[in-house]
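Readers should treat all values here as calculations from the given coordinates under stated rules, not as data from a laboratory. The shown structure was predicted, so the numbers you read here are calculated from the model rather than taken from an experiment. Here the Cβ positions follow ideal geometry from the backbone for every residue, glycine too, while neighbour counts run over all protein chains shown.
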Amino acid sequence: QVQLVESGGGLVQPGGSLRLSCAASGSIFSTSAMGWYRQTPGKQRELVARITFGGSTWYTKAVKGRFTISRDNAKNTMCLQMNSLKPEDTAVYYCNRYPSQEEYWGQGTQVTVSS
């Protein structure tokens with residue numbers, strides 16, 4: 001069974017940093033582009049950052065310059081380094097392929113930015 005497991009979330013003060021990790025089982029990584037998504041209550045899940053198999057990246061405007069996405073294709077893992085966190089970054093963060101595939105959504109990891 002193909003699974004994606006997110007970890008690394010937590011409570012952090014504004015201006016702080018967190019590093020999220022995504023571990024994949026099976027062949028989900030393959031040569032697929034991968035993405036980090038986030039969702040807050042009452043809102044649609046949104047794409048935060050994505051990375052191709054070759055390492056090309058894209059960020060939504062709200063996080064550009066503060067977040068860095070990376071992946072290790074040999075280990076089937078992906079990370080999201082989040083710096084200068086803001087309260088509006090509070091959300092449940094998920095990893096998935098890009099474009100996302102419904103069957104790959106995991107439990108996500110909660111990130112809360114608050115003083």
(message) With the cut-off at 1.5 for a/c, could you classify the stretch 65-115 from its C-alpha gyration tensor as rounded, prolate or oblate?
(response) oblate
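Report the full-extension gain for the segment GLN39 to ALA62: residue separation times 0.36 nm, less the Cα-Cα distance, to one decimal in nm.
Here the segment from GLN39 to ALA62 would lengthen by 6.9 nm.
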(request) Compute the longest continuous run of the chain that contains no exposed chymotrypsin sites (Phe, Trp or Tyr not before Pro); treat a site as exposed when its DSSP state is not H, G, I, E or B and it has at most 16 other Cβ atoms within 10 Å. (result) 1-52
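At most 12 other C-beta atoms within 10 Å and a DSSP loop state: those are the exposed trypsin sites (Lys or Arg not before Pro) I care about. Give me the longest piece of the chain that has none. Intermediate values should be presented prior to the final figure.
Numbers: sites that count: LYS43, LYS61, LYS64, LYS75.
The reported range is 1-42.
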(message) 7 Å from Cα along Cα→Cβ at both THR90 and SER17: what's the point-to-point distance in nm?
(response) 2.3
(message) Looking only at Cβ-Cβ distances, which cysteines of the chain have no other cysteine closer than 4.7 Å?
(response) CYS79
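Explain nothing, just the number: dipole magnitude of the chain about its Cα centre with +1 on each Lys and Arg Cβ and -1 on each Asp and Glu Cβ, in debye rounded to the nearest 20.
Values: 12 positive and 7 negative charges, 62 e Å.
That gives a dipole near 300 debye.
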